[in-house]
Amino acid sequence: MKKTALIFAMLALTAGGAFAKDWKEIRLASEGAYPPFNITAADGSLQGFDVDIGNALCAEMKAKCTWVKQEWDGMIPALVARKFDAIVASMSITEERKAKVDFTEKYYASPLALIAKGGSPLRPDTTSLKGKKVGVQRGTVSDNFATKYWEGKGPDLVRYAKQDEAYLDLKSGRLDAVFADYLEAYGGFLTKPEGNGYDVAGDRLFGKSAEEKGVIGEGIGIAVRKKDKELTAQLNKALAAIRANGKYEEIRKKYFPMDIYGN
């Protein structure tokens, strides 16, 4: 009986190894509308910090990767539906999202910030923003935070499908402020010609309480289907490798003059 049990155990291990996916071909998804993290180039290709990080991870894993452009609102449903294998699109690691997908370790972290005209007296709180129109990108952490803590308490929230649309309305005067990820605002608007005359209004928000930090998230990670544990593990291993060998810093310096990984 013991010998039979041992044979069955060995067969199970062998079968497990035989059916484990080696992940040498991976489909990665990004939005292409969230500069400087992911943008759509003139030729239709995806570019930006997220894409460079994804390509570096694939090179480290010696995997052939293809990119899929996906609208932000449908990111997680499309991942679950197997339209691609991982999301590399500046997605914050939050408790709500972790209920649906797994995440790698973070590959950067960013607070939230209110963007308005330079010298504006506006601040990211309900009193200061009472009666003001504040733009947010739908489905983002800034939207989740504003919805939870501000909606119905002063600001008039205006939601957009794409971040750039909010900045266009800010410049045209249809908005008083935009509430967004700070690093996205820095690299995608404030340091661009179109962002001239605009700045962060008030303090950047990292989360004052455990509840607020839970909404803002634990940093930015790569989302993977819960059953694809091997892929998550391989991506984490590759991320640690590019952090150690200097490739991560090489990519970071291409887009940002400051540390964006954090502690």
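The values are calculated or read from the model by the stated rules, or taken from the named source; none is laboratory data. The shown structure was predicted, so the numbers you read here are calculated from the model rather than taken from an experiment. Cβ coordinates were reconstructed from backbone atoms using ideal geometry, including for glycine residues, and neighbour counts include every protein chain displayed.
Applying the criterion of at least 2 residues that are touching a residue at least 60 places away in the same chain (Cβ under 8 Å) and either hydrophobic (A, V, I, L, M, F, W, C) or over 24 Å from Ile53 (Cβ atoms) (or both) to the strands (runs of 3 or more DSSP E) found wholly in the range 105-171 leaves 112-117. Mind checking which residues of the range 70-102 are more than 23 Å from Asp22 (Cα to Cα), surrounded by fewer than 15 Cβ atoms within 10 Å (Cβ to Cβ) and not acidic (Asp, Glu)? Matches in the range 70-102: Gly74, Pro77, Ala99, Lys100. When Glu211 is tested against (1) at pLDDT below 95; (2) within 20 Å of Ala180 (Cβ to Cβ), exactly one condition is not met: (2). Is one or more of the residues making up the range 166-181 loosely packed, with under 14 Cβ neighbours inside 10 Å, under 18 Å from the mean Cα position of the chain (by Cα) and either under 19 Å from Arg138 (Cα atoms) or not polar (S, T, N, Q) (or both)? The answer is no; no qualifying residue exists.
Keeping to the range 56-67, report how many residues are surrounded by fewer than 17 Cβ atoms within 10 Å (Cβ to Cβ) and outside any loop (DSSP other than H, G, I, E, B).
Selection size over the range 56-67: 3.
The residues listed here are Gly16, Gly44, Gly74; of these, the one that is out of contact with any Asp or Glu (no Cβ under 6 Å at 6 or more places or on another chain), at pLDDT below 95, over 28 Å from Gly197 (Cβ atoms) and among the small types (Gly, Ala, Ser) is Gly16.
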